[in-house]
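Quick one: the structure is below, questions incoming.
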Amino acid sequence: MKVICGPASTLPDRARANVRLFSLFSNPGLAHVGWAARGWPDSIRKAGIVVPQNVWDFSTLCLAAACADFGVSRIGSPDGWTREIELDVAVSDPGHWNALSDQIAACFSFLTGDIWSVSFRAGGEPAPVAKKPVLVERSCVSLLSGGLDSLVGGIDEVAAGRAPLFVSHLARGDGANQKRFAWRLAPGIAHFQWNSNINPARAKETSQRGRSLIFLGYAALAAAALRSFHHEGTADVVVPENGFISLNVPLTPSRHGSLSTRTTHPLFLDAVQRILDSAGIGVALRFPYRHATKGEMLKACADRQLLRSMATQSVSCGKYLRNKYVQCGRCIPCLVRRASFLHAGIKDETKYGNANLRDAGRDKGPNDIGALSHAIVRLRQQGVKKLIGASLAFATQDERDRLADVVERGFNELEALLHLHKVL
């Protein structure tokens, strides 16, 4: 499937069966053309962000990749999963970005589990020009999703005396939490909330492995708002995610590869960092909880009293929208969340759709509890290295040992949860 993304004026008049068209930043009102991020350049102008063209092109690329991921269905793939995606993106300097196309394609392929090729052409939207340029005096950018990890990350940044600029990917059900958290953590500090609003013209794909690209595109834009980015030439972006869920080791042999999400996997983030460096964008991704479990993040949080008052307002569930804004309590993100509260000794007052795990059986959908139980039994019988297999082959031996320890400690937290509910 070929996916062509750019301003409406640069798109073909007609779309063939194996071509998807996306108008970026405007809705042309054509039935055969999808669209995304309508009006986004105006919001950037109004915010006063001084956006270098290479940063804007990077954000455009991230948006285009998310459009392709959302707009190309996996149904009909030979193996029911792997797609072949040829992405064509309009940017201001196609020669510069085409030199990085192989690197970019490899990064996207790892993230989504598909076969990507990426090319660039002229005609991209020029970077927005700020109406009243503003350079923000903040020490870093911190991603704030409305989840528990990003809440802990924000608390720790503020407690350490840093003044983060928060940036959020606005999604249904998360917006109010994001605003509430940003205000509680640092009243008066700027907080950007942006929404890609991707609308494919045809059937959409729900797996959404590429959604983290949007967040990183937003992070680069937010970094351009910092004085340090323009004066010192670099800015830190904090990615507050625990190492256990980032590695997301498959629980069973059938959950290999991208069937387990890789949205903050170390290999993916390292690949994005290389793209940023190659593009001359002075953004340094910082991954402070790479060697911590979620429970350890909560337990070591620099302001436990503040965390206790806000933690249960956070959202972790992978099926939150599907369950009408109720956290299911039985998907892997929910199970990891519940185990982290237990490990940290913090009362979990979250209202879960499946409060008792013994009653959350196979009849209620894909059985993550069963897969997790199976993984824990394998871990106890065969050891963590056998369970992990080649999942950590990318790391040096020392780093591999540290990450393996994170995996084992994460499973220890989950095992304690399953014992509490008499599942194991």
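The values are calculated or read from the model by the stated rules, or taken from the named source; none is laboratory data. Keep in mind it's a predicted model, so treat the numbers as computed, not measured. Note that each Cβ is placed from the backbone with ideal geometry, even for glycine, and that neighbours are counted across all protein chains shown. Only protein heavy atoms, including side chains, enter the accessible area calculation; ligands, DNA and RNA are left aside. Shrake-Rupley method; radii C 1.70, N 1.55, O 1.52, S 1.80 Å.
What number of residues within segment 297-336 are open to solvent by 20 Å² or more (accessible area, probe 1.4 Å) and aliphatic (A, V, I, L, M)?
Qualifying residue count, segment 297-336: 7.
Scanning segment 16-54 for residues that are of a type in the set (Lys, Arg) and surrounded by fewer than 18 Cβ atoms within 10 Å (Cβ to Cβ), which turns out modelled with the lowest pLDDT?
16
Would you confirm, using the coordinates I've provided, whether residue 408 is touching a residue at least 12 places away in the same chain (Cβ under 8 Å), touching a His at 6+ places or on another chain (Cβ under 6 Å) and either open to solvent by less than 30 Å² (accessible area, probe 1.4 Å) or not β-branched (Val, Ile, Thr) (or both)?
Taking the combined requirement at face value, the residue does not satisfy it.
Restricting attention to segment 179-208, and to residues there that are within 19 Å of residue 34 (Cα to Cα) and among the basic types (Lys, Arg), which single residue is surrounded by the most Cβ atoms within 10 Å (Cβ to Cβ)?
Within segment 179-208, the match that is surrounded by the most Cβ atoms within 10 Å (Cβ to Cβ) is 204.
Please list, ordered by first then second residue, the pairs with beta carbon atoms under 8 Å, 6 or more apart or interchain, first in segment 318-347 and closer than 17 Å to residue 297 by Cβ and touching a residue at least 12 places away in the same chain (Cβ under 8 Å), second open to solvent by 10 Å² or more (accessible area, probe 1.4 Å) and among the aromatic types (Phe, Trp, Tyr).
Qualifying pairs under 8 Å: 334/352; 336/244; 338/352.
The rows are residues; the columns are (1) under 28 Å from residue 281 (Cα atoms); (2) modelled with pLDDT under 95; (3) touching a strand residue (DSSP E or B) at 6+ places or on another chain (Cβ under 9 Å); (4) buried (at least 24 other Cβ atoms within 10 Å of the Cβ).
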{"residue": "56", "(1), (2), (3), (4)": "yes, no, no, yes"}
{"residue": "61", "(1), (2), (3), (4)": "yes, no, yes, yes"}
{"residue": "73", "(1), (2), (3), (4)": "no, yes, no, no"}
{"residue": "76", "(1), (2), (3), (4)": "no, yes, no, no"}
{"residue": "82", "(1), (2), (3), (4)": "no, yes, yes, no"}
{"residue": "87", "(1), (2), (3), (4)": "yes, no, yes, yes"}
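Just name the residue that is surrounded by the most Cβ atoms within 10 Å (Cβ to Cβ) out of those in segment 259-278 that are within 11 Å of the chain's Cα centre (by Cα) and under 17 Å from residue 236 (Cα atoms).
Filtering first and then ranking leaves 264.
While we're looking at this one, here's another question. Residue 176 - would you say it is surrounded by fewer than 17 Cβ atoms within 10 Å (Cβ to Cβ) and part of a helix (DSSP H, G or I)?
So residue 176 fits the description; yes.
Could you tell me whether any residue of segment 108-127 is over 23 Å from residue 209 (Cα atoms), out of contact with any helix residue (DSSP H, G or I) (no Cβ under 7 Å at 6 or more places or on another chain) and open to solvent by less than 50 Å² (accessible area, probe 1.4 Å)?
No, segment 108-127 has no match at all.
Take residue 130 and decide whether it is small (Gly, Ala, Ser) and either over 20 Å from the mean Cα position of the chain (by Cα) or open to solvent by less than 30 Å² (accessible area, probe 1.4 Å) (or both). Step through it out loud before you land on a result.
Working: small (Gly, Ala, Ser): yes; either over 20 Å from the mean Cα position of the chain (by Cα) or open to solvent by less than 30 Å² (accessible area, probe 1.4 Å) (or both): yes.
Yes: the conditions hold for residue 130.
Six or more apart or on different chains, Cβ under 8 Å: which pairs go from a residue in segment 138-163 that's part of a helix (DSSP H, G or I) to one that's open to solvent by 10 Å² or more (accessible area, probe 1.4 Å) and of a type in the set (Lys, Arg)? Could you list them?
Between residues of segment 138-163 that are part of a helix (DSSP H, G or I) and residues that are open to solvent by 10 Å² or more (accessible area, probe 1.4 Å) and of a type in the set (Lys, Arg), the close pairs are 148/294; 149/294.
Still on this structure, I have one more. Could you check segment 383-403 and list, in sequence order, the residues that are open to solvent by 60 Å² or more (accessible area, probe 1.4 Å) and of a type in the set (S, T, N, Q)?
Scanning segment 383-403 gives 396, 397.
Further, regarding this structure: Just for segment 199-218: of the residues that are assigned to a loop (DSSP other than H, G, I, E, B) and either of a type in the set (Asp, Glu) or over 16 Å from the mean Cα position of the chain (by Cα) (or both), which one is nearest to residue 81 (Cα to Cα)?
205
Follow-up. May I ask you to list the residues in segment 337-381 that are surrounded by 13 or more Cβ atoms within 10 Å (Cβ to Cβ), modelled with pLDDT of 95 or more and in a loop (DSSP other than H, G, I, E, B)?
346, 348, 350
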